[in-house]
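Working notes, beginning with the structure itself.
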Amino acid sequence: MNPTEAFTDPALCAPLLERLRRALDGRPLRFMEVCGTHTVSIFQSGLRSLLPPEVTHLSGPGCPVCVTHDAEVAAFLELAKRDRVIIATFGDLLRVPGPDGSSLKHAQAQGARIEIVYSPLDALTIAASNPGDTVVFLGIGFETTAPAVAGTMLTARARGLKNFCALSFHKLVPPALRALLGDAECGIDAFLLPGHVSTVLGLAPYRFLASDYHVPGVVAGFEPADILLALCLMAEQRRAGTPAVVNAYRRAVSDEGNPRARAVMEQVFQPVDALWRGLDMLPESGLGIRPEFSDMDAMIRLGLSLPEVRKTRGCRCGEVLKGRLSPNQCPLFGRHCTPANPVGPCMVSTEGSCAAYYKYNLEA
């Protein structure tokens, strides 16, 4: 049995659940995960139904599509109207509704040139095949995807592809965690830290959780036993009064992260203030393109700006992303807002908590 198979073994879960109950000793534990893959794993596995009643699961701003702000979606839609522009994007962004309810899918149906790609590098192939057009890659996501976009920009420059540029709305996870802890209404006792992001970051950027806020943080994998082990560590730290940031996913994450990936990311991008759905403007929580790569910055090259927008009427995605509201407490959930007809992005992405609630018929 390889290490990954060991963590899928259901026999591991029973002793971990008993360990968790002992560690809780009747105390409540409100934990938040900030990773779409964790969201899906927890719901899909049925793990929520096994957790002791003292444990409350909050699904935070860990879905890249979900945290993309209405103003950023409006910028995408404005870009789609431009002549001689081809948009390259991951597929899950296509159906995210903008402030007026329209989406890139609607724009595509009306003739906008929008191509679905599976890697940022695919956009370079499109650029090479369409030398008379400007190809714009829509860069969203966290520290996991940003190095790949940065590497693509470096490759475009090396190849002399002058008709390629990127729109960078990447987000940084640690500033969002700080903002959540600064909001007393969120009431978060511990964080289940994202496995994929942590392969790049390592542990150091999360240390403030324990040092500044006395909140445990555990990097975990995605199998039920991974998540249960992380919950045990959180509960044991709280019982002992020794909050810490620990790595419980050593088969994939090193404490130092991936310095090479960070170096590529930092070569092309720099921290900037950024808009988040639900969290609004957070200082230095996004990645802007450095001045030396301004020729590949779509905001500058194409004269784009973020418009003032109204929030989508009735959509409560922002509150869901902060853990203030369960998806089914939104009045639109399952009635006016479904995966087939989404009003907000949390119902669009397969990693969105609203879509997960709907798919797995969760009532609370």
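The values are calculated or read from the model by the stated rules, or taken from the named source; none is laboratory data. Keep in mind that what you see is a predicted model, and the values were worked out from it rather than measured. For neighbour counting, all protein chains shown are included, and Cβ atoms are generated from backbone atoms with ideal geometry for every residue, glycine included. For accessibility, only protein heavy atoms count, side chains too; no ligands or nucleic acids. Shrake-Rupley method; radii C 1.70, N 1.55, O 1.52, S 1.80 Å.
Per the listing 14, 71, 23, the residue uniquely surrounded by fewer than 17 Cβ atoms within 10 Å (Cβ to Cβ), in a helix (DSSP H, G or I) and of a type outside the set (Asp, Glu) is 14. Residue 303 meets the conditions (1) open to solvent by 70 Å² or more (accessible area, probe 1.4 Å); (2) free of Cβ contacts under 8 Å to residues at least 12 places away in the same chain; (3) on the phi > 0 side of the Ramachandran plot; (4) not polar (S, T, N, Q) in every case but one. The failed one is (1). Candidates are the residues of segment 318-348 that are within 18 Å of residue 57 (Cβ to Cβ) and of a type in the set (S, T, N, Q); the one that is most open to solvent (accessible area, probe 1.4 Å) is 329. Scanning segment 137-149 for residues that are touching a Pro at 6+ places or on another chain (Cβ under 9 Å), open to solvent by less than 10 Å² (accessible area, probe 1.4 Å) and either of a type in the set (Gly, Ala, Ser) or modelled with pLDDT under 95 (or both) gives 139, 141.
So is residue 59 open to solvent by 20 Å² or more (accessible area, probe 1.4 Å) and modelled with pLDDT under 95 or not? Taking the combined requirement at face value, the residue does not satisfy it. Just one of 124, 93 is within 16 Å of residue 69 (Cβ to Cβ) and crowded, with 20+ Cβ neighbours inside 10 Å; which is it? Going through 124, 93 in turn, the sole match is 93. Scanning segment 218-250 for residues that are part of a loop (DSSP other than H, G, I, E, B) and not aromatic (Phe, Trp, Tyr) yields 220, 221, 223, 241, 242, 243, 244, 248, 250.
Sort through 252, 240, 248 and tell me the only one that's over 22 Å from residue 63 (Cα atoms) and of a type in the set (Gly, Ala, Ser).
Unique residue meeting the criteria: 240.
The residue that is nearest to residue 140 (Cα to Cα), among those in segment 325-364 that are among the hydroxyl-bearing types (Ser, Thr, Tyr) and in a loop (DSSP other than H, G, I, E, B), is 349.
Pairing residues of segment 324-335 that are free of Cβ contacts under 8 Å to residues at least 12 places away in the same chain with residues that are open to solvent by 30 Å² or more (accessible area, probe 1.4 Å), at Cβ distances under 9 Å and at least 6 apart in sequence or on separate chains, gives 325/316; 325/319.
Hey, any hits in segment 42-65 for a residue that's part of a helix (DSSP H, G or I), touching a strand residue (DSSP E or B) at 6+ places or on another chain (Cβ under 6 Å) and under 20 Å from residue 279 (Cβ atoms)? No; the residues of segment 42-65 include none that is part of a helix (DSSP H, G or I), touching a strand residue (DSSP E or B) at 6+ places or on another chain (Cβ under 6 Å) and under 20 Å from residue 279 (Cβ atoms).
Restricting attention to segment 14-71, the residues that are under 21 Å from the mean Cα position of the chain (by Cα) and free of Cβ contacts under 8 Å to residues at least 60 places away in the same chain total 2.
Each residue in segment 116-131 was checked for being touching a residue at least 24 places away in the same chain (Cβ under 8 Å) and either under 27 Å from the mean Cα position of the chain (by Cα) or within 17 Å of residue 144 (Cα to Cα) (or both), and 10 pass.
Tell me, please, whether a residue that is surrounded by fewer than 22 Cβ atoms within 10 Å (Cβ to Cβ), more than 23 Å from residue 350 (Cβ to Cβ), of a type in the set (A, V, I, L, M) and over 23 Å from the mean Cα position of the chain (by Cα) can be found in segment 104-114. Yes, segment 104-114 contains at least one residue that is surrounded by fewer than 22 Cβ atoms within 10 Å (Cβ to Cβ), more than 23 Å from residue 350 (Cβ to Cβ), of a type in the set (A, V, I, L, M) and over 23 Å from the mean Cα position of the chain (by Cα).
Would it be correct to say that residue 100 is in a loop (DSSP other than H, G, I, E, B), of a type in the set (D, E, K, R) and within 23 Å of residue 168 (Cα to Cα)? Yes, satisfied.
For the structure I just gave you, tell me whether residue 257 is under 30 Å from residue 218 (Cα atoms), open to solvent by less than 20 Å² (accessible area, probe 1.4 Å), in a loop (DSSP other than H, G, I, E, B) and out of contact with any strand residue (DSSP E or B) (no Cβ under 9 Å at 6 or more places or on another chain). Yes, satisfied.
Hey, could you check segment 153-205 for residues that are in contact with a Ser or Thr (Cβ under 8 Å, 6 or more places away or on another chain) and assigned to a helix (DSSP H, G or I) and say which is most open to solvent (accessible area, probe 1.4 Å)? The extreme case among them is 196.
Note on segment 199-236: residues that are within 23 Å of residue 18 (Cβ to Cβ), in contact (Cβ under 8 Å) with a residue 40 or more places away in the chain and of a type outside the set (Gly, Ala, Ser) total 11. Restricting attention to segment 343-350, does a residue exist that is within 24 Å of residue 189 (Cβ to Cβ) and touching a residue at least 24 places away in the same chain (Cβ under 8 Å)? Looking through segment 343-350, at least one residue is within 24 Å of residue 189 (Cβ to Cβ) and touching a residue at least 24 places away in the same chain (Cβ under 8 Å). Please work out if residue 134 is open to solvent by less than 10 Å² (accessible area, probe 1.4 Å), over 20 Å from the mean Cα position of the chain (by Cα) and over 22 Å from residue 63 (Cβ atoms). No: the conditions fail for residue 134.
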